[in-house]
Structure formats: structure tokens, C-alpha cells
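Structure first, then comments.
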Amino acid sequence: MNTATTVNEHKTTDLISLWDASAKENAASSTMSGNIVTDVAIVGGGFTGISTALHLAERGIECHVLEAQKIGYGGSGRNVGLVNAGLWLPPQNVRAQLGDAVGSRLLRLLGEAPAYVFSLIKKHDIECEPRQNGTIHAAHSLSGFEDLKRRCEQWHRLGAPVDLLNREQAADKIGTHVFHGGLLDHRAGTINPMGYVRGLARAAQAAGARIHIGATVNSLQPDHGKWILGTTQGRVTANRVVLGTNAYTDDLWPDLKRCFTMIHYFQIATEPLGQQADFILPERQGVWDTAPIMFNVRRDDHGRILIGSMGRVFGGSRGLTQRWAKRNIERLFSKLGDVRLEKSWYGQIAMTPDHLPRIYRLAEGLYTPIGYNGRGIAPGTIFGRDIAKYLSGAAENELPLPITNFHKVGFSSLKSRLYAMAFTANQVIRSL
């Protein structure tokens, strides 16, 4: 076992997002000192990795999380903060692709996932601005509204508490008449995602998990039934390994990052707006739309408006992305007038060809849940929980999806570049 020096990872410098600055949770972690022997090594300190650690530790299984940067450094700390139910795909498409039995089980698990996330927040008293008032999938066009009507019918057949909103009802909820209607999912909600992942890390440590930051894993090799992980802070020997790196997967395991297409997603937050913005999302639902290049808007507990879309952040205070943000805020909420923008950032999303996640067995004792397609919070929490159950002896059929063998996606790098060009062009057009 190692000895550890406790450090506090919440610094005023090198903030990766607004959530990094505004989260009240301070996830105390440790740096490694010497070599480690453990049952399970977990690479990555995001939703999946920390959820896996928490649920393993609660079952009395020794585990160590190895995070190269700080807790939530990847997509978890850069997330929009929408705790959605289900997947991007309509329920009927999920069942058609996975089969009725597996598809129905996955839909049920992910339909219940927001409730589980909010139960963890309550159980561990996590300070993350939780609001379970639903989220709204907003129709950007009449065809988008027709799609939402079909989704609503499918969810109703499954007994899900969703409401189809007409244009006026959506305007009352959102504060703008721009959208043609919406689908309100009462199961969902919003959080400060960095606060959530830090709170999970605190709970995992209290349960007995060890979490190490600044520990970059640069080699991973099998050795007589065990795994040897070489890190920048020492060597780890583990019986099993979980890679929880998702869209931030690097070259640690050959070609793993080629099982998805990586795209970027950015966010911009205004300064706190006070009462002048009370008409915007008065119940604090988060919103995303049906456009092919998705757009989102939400409010935080401090009165900031956050908007975002697919792509990177370009330029500084007068750059392309800032102009895009001001133009879209004016388009949606014209009576706000000119507003100051406080913070911009972007993260990475792992998109699979069929928009479904995977659980891969890369080798004996080496697993990775991957490909959340922009829905990291609820699926990451649930997949981490159920991987922990599986490593604790649960049957494979209790996992959200069957374990499959790894396979690459053709031309993933080229697709990423093409998507990036399209997203940049969209920012240019939308900023005019």
C-alpha cells in the first residue's frame, strides 16, 4: 500500500469551466507515494470512474482511482449540467437496434437514472445546485415539433411522465417564443456537474476508495493474471482495471479512441443578471433543441444564463464565439438588452455511429464503458454503479448492456474534422 499526501484540488487558477469556479464542493484527493497493489484500478476521475469507485468501496472492494489532472477535469466538469433520462435516440429506435429485451431494459434503467442521481445527491449531501424540475427538449422547427410528438407517444406507451408543450406553453416555461413547442420530461433536472462529481469523490473516499490526482497512466500491461499500470507517480498492480476516460481516451490502449467520433461542445455564461432575467426559465428547467447542430440554454442558481452548442470556443472577448452568444441571447431574449459574458469553455463528446453507448471487454479483467453521446451524467453514474456490481460478482445480464468486444469506427479522425468545420461554419452564420 502507499502513503499519501492530502491535497486540495480546487484552485483559483487553471479553471476549466464556470462550474469549476462556482462549485461549493472541494474534492480532497491525494497524490501517490510509492507503488500500489489493489483489487481494482480505475483510470479517470469523471462520472464513470468516481461512480465505479464509490459503489465498489461501498461493497468493501479495494479500489484506486488514477486521474491525470483533477477530479472532473474532462467532460464531467465541462458538462452542460442536464440530468436527462434515456438517450438521444427515441425509445422505438433503441429497441429496434438492441432488440426488445435489451432495449427495454436499457430504457428502463436510464429512465430511472435521474432519480438515482438525485438520490445520491441527497444521500451524500452533495452541494451541486440540484433541481429536479425536468428538462425541455425544444422544437427548433415545425418538423422538430412533429418529432417530439412521436417521442411523446413512445414515452407515454412506456409510462414515462412527459408532457408535450405547444408553442405558448413552451414560451411560458422558457421565456421566448422562438421555439415551436417542446417535450417536458419530469424525470430530469439540472445540476452543477463539477459540484456533483466532486461530491461523489468525497463520498467515495469516505467509503474507503483512494483517489489520486496528477497520476497520468502511461502504460498498461498484463502480467500473470494481473495488470501493471505505470504512472507518473509510481506503479499500480491490480486484479482488474476499469477505463473511465470516455471522450478523453488517449493512446493508453491501442486504438480505443477510434471506437467513437470525438466532437466538441462549448458553453458561454453571462454574468449574474438578477431580477431582469427572472422571466427566463422561471422553474429552472434546462433546454436543448431538435436542431441537427444542437443548441442549449439554462440558468444557474446565481442568475447566470448559459447557452451553448456544438463546436469549440474561438477568440477572446470580441471573438467569434462571443459574437455568436450575444446574437443568440438577443434572438431569444431581446428585452434583456446587452449583457456581459463572464466565462466560456468547451469539452469533448464521444459519439458512436448508432448513438448507443458500449461496455467493452478489452482483455480479461479490463473493461471500459464508453460512448455516452453527450449524456454523461446519468448514464455515467449508472454504468459506473453496475460495473461495480459486476466486479463484485453480479451476473453479466444485470449490466445495462451486454459486454462486447472492441471494434474501431472507420475514418473517426476525418469525421471529427468534418464535424468541426460544420460547427465552425454554424457559429459564423449564427453570429451574423
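The values are calculated or read from the model by the stated rules, or taken from the named source; none is laboratory data. In this text, all values refer to a predicted model and were calculated from it rather than measured experimentally. Counting neighbours? That spans all protein chains shown, and the Cβs are built from the backbone with ideal geometry, glycine included.
Points to keep in mind about this one:
- Residues of the stretch 1-24 that turn out to be part of a loop (DSSP other than H, G, I, E, B) and either at pLDDT below 95 or under 18 Å from the mean Cα position of the chain (by Cα) (or both), as a count: 14
- Set ILE382, ILE403, ILE359: member being crowded, with 20+ Cβ neighbours inside 10 Å and in contact with a strand residue (DSSP E or B) (Cβ under 6 Å, 6 or more places away or on another chain): ILE359
- Condition check for GLN69 on (1) in contact with a strand residue (DSSP E or B) (Cβ under 8 Å, 6 or more places away or on another chain); (2) surrounded by fewer than 20 Cβ atoms within 10 Å (Cβ to Cβ); (3) in a helix (DSSP H, G or I): one failure, at (3).
- Test for ALA203: is it in a loop (DSSP other than H, G, I, E, B), hydrophobic (A, V, I, L, M, F, W, C) and more than 27 Å from LEU107 (Cα to Cα): no
- Of all residues in the stretch 207-237, those satisfying the criterion of being farther than 19 Å from ARG385 by Cα and either in contact with a helix residue (DSSP H, G or I) (Cβ under 9 Å, 6 or more places away or on another chain) or of a type in the set (A, V, I, L, M) (or both) are ILE213, ALA215, VAL217, LEU220, ILE228, LEU229, VAL236.
- Sole exception among (1) in contact with a helix residue (DSSP H, G or I) (Cβ under 6 Å, 6 or more places away or on another chain); (2) without any contact (Cβ under 8 Å) to a residue 12 or more places away in the chain for ARG417, by number: (1)
- Residues of the stretch 206-230 that turn out to be buried (at least 21 other Cβ atoms within 10 Å of the Cβ) and either within 25 Å of the chain's Cα centre (by Cα) or within 29 Å of LEU87 (Cβ to Cβ) (or both), as a count: 7
- Matching residues in the stretch 336-371 - criterion: being within 13 Å of THR261 (Cβ to Cβ) and either without any contact (Cβ under 8 Å) to a residue 60 or more places away in the chain or not β-branched (Val, Ile, Thr) (or both): GLN348, ALA350, MET351, PRO353, ASP354, HIS355, GLY371
- Under the condition of being more than 16 Å from the chain's Cα centre (by Cα) and crowded, with 20+ Cβ neighbours inside 10 Å, the residues counted in the stretch 100-110 number 4.
- Meets criteria (free of Cβ contacts under 8 Å to residues at least 24 places away in the same chain, of a type outside the set (Ser, Thr, Tyr) and assigned to a loop (DSSP other than H, G, I, E, B)) for GLY374: no
- Selection status of ALA170, modelled with pLDDT of 95 or more, crowded, with 23+ Cβ neighbours inside 10 Å and out of contact with any Pro (no Cβ under 9 Å at 6 or more places or on another chain): yes
- Residue check for ALA57: among the hydrophobic types (A, V, I, L, M, F, W, C), surrounded by 24 or more Cβ atoms within 10 Å (Cβ to Cβ), touching a helix residue (DSSP H, G or I) at 6+ places or on another chain (Cβ under 7 Å) and part of a helix (DSSP H, G or I): no
- Just one of the listed residues (GLN276, GLN267) is under 24 Å from the mean Cα position of the chain (by Cα), in contact (Cβ under 8 Å) with a residue 12 or more places away in the chain and under 29 Å from GLY175 (Cα atoms), namely GLN267.
- Check on VAL117, closer than 21 Å to GLU153 by Cβ, β-branched (Val, Ile, Thr) and crowded, with 19+ Cβ neighbours inside 10 Å: no
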